[in-house]
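The numbers here are math on the coordinates, done by the rules we state, and not lab data. Quick caveat: nothing in here was measured; it's all calculated off a predicted structure. As a convention, Cβ positions derive from the backbone with ideal geometry for all residues, glycine included, and neighbour counts pool all protein chains shown.
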Amino acid sequence: LSQALLFITATLHGAGLVRADNPIVQTIYTADPAPLVYNGRVYLFTGHDEDGSTTYTMKDWRLFSTSDMANWQDHGITMGLTTFSWANANAWAGQVIARNNKFYYYVPVRRTNGGMAIGVAVSDSITGPWRDAIGKPLVENGEIDPTVYIDDDGQAYLYWGNPNLWYIKLNSDMTSYSGSPTKIALTTAGFGTRSGNADRPTTFEEGPWVYKRSGRYYLIYAANCCSEDIRYSIGTGPLGPWTYKGVIMPSGGRSFTNHPGIIDYKDNSYFFYHNGALPGGSGYTRSVCVERFVYNSDGSIPTIAQTSG
Ligand code: FUB
């Protein structure tokens, strides 16, 4: 794939809805979408699968932005493995949040000669440059896929995990935490039942995405490896208790993983995910896509189909 051009086209999809054709980016492979609405614009942070990868070959993170969900600006490489002197591989699924007039970028990376750890980078600008905030892993327990959420009372939470689901309470500096990493109980009432895998009795696999909307706490996640689908739970607080709500996006297509991100923007709701839709697409050469959807009146999320595979 040529990296020379970001190819985005706008198409009318009924009822005056304008959106980009999927995949959003058609010149490089992108994965693990993490959208953030900031200053009236959608910023889409993604991972980057190298051309021709036959395993996870991921060295940097990319950034795209839009004000109309149709025309996307390519901000290029926003951060790379070299940001973290202690890491040397696996620039996997991260998320950015704004606080303290700064931006904090939480990412899983592989520690040099070690296991997976979560790093945190900081920037004065949403487009970078980013610097390692603390010069060492924020947490290190071999698990991945951080999602960050700030509750109404100002308490920030970082959640991550595969195969477990962990959280810490971040301090207001967003780069340190109180207490110890704690497991969220993966009950079948909270996360559904998986059959045929005694080690993983619930559907939770990885890729948590936590947010609050209309008084409900949502925990969206990749489920049932492999092939993954996307499922969700609703909680009454940022730490639950969680009630399992079922499937959002069924599995399918050429990528055996999927990864969710959800935003509201300009009176619409959008579900971001990835698949293997581009030529040469696979579980290691993925592409980020987006679907507009409408919440049901009870706050539940409808089943969302992929518009490209
Ligand atoms: O992109 C590498 C890994 O694959 C991510 O961390 C997981 O969520 C899955 O998408």
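Find out how many positive minus negative residues lie around residue 82, taking Lys and Arg as positive, Asp and Glu as negative, among other residues whose Cβ is under 9 Å from that of residue 82.
Taking every other residue near residue 82 into account, the sum is 0.
With a sphere of radius 12 Å drawn around the Cβ of residue 163, what net charge do the other residues whose Cβ falls strictly inside it have (Lys, Arg +1; Asp, Glu -1)?
-2
How fast does the chain diffuse by Stokes-Einstein, in µm²/s, taking the Kirkwood radius from C-alpha pairs at 20 °C and 1.002 mPa s?
111 µm²/s
222 nm [θ] for the chain, helices only, -39500 (n - 2.57) per DSSP H run of 4+, per residue, to 500?
Dividing the helical sum by the residues of the chain leaves 0 deg cm²/dmol.
How many times 2.2 N^0.38 Å is the alpha carbon radius of gyration of region 174-309?
1.08
Once you wrap a convex hull around the alpha carbon atoms of region 75-183, what is its projected area averaged over all directions, in nm²?
Dividing the Cα hull surface by four gives the mean projection, 6.6 nm².
Just the number: Rg to Rh for region 261-304, Cα atoms, Kirkwood Rh, two decimals.
On the way: Rg = 13.1 Å, Rh = 11.8 Å.
That ratio is 1.10, to two decimals.
Taking a Cβ-Cβ separation under 4.7 Å as the criterion for a possible partner, which cysteines of the chain have none?
Those would be 289, since no other cysteine Cβ in the chain comes under 4.7 Å of theirs.
Using a/c under 1.5 as the rounded threshold, could you call region 43-132 rounded, prolate or oblate? The axes a ≥ b ≥ c are square roots of the C-alpha gyration tensor eigenvalues, and prolate needs a/b larger than b/c, oblate otherwise.
Values: a/c = 2.43, a/b = 1.26, b/c = 1.93.
Oblate, since a/c reaches 1.5 and b/c is not below a/b.
Run down the lysines and flag those whose C-alpha is under 26 Å from the C-alpha of residue 169, throwing out any fewer than 8 positions away in its chain.
Hits, sequence-local ones excluded: 102, 136, 183, 212, 245.
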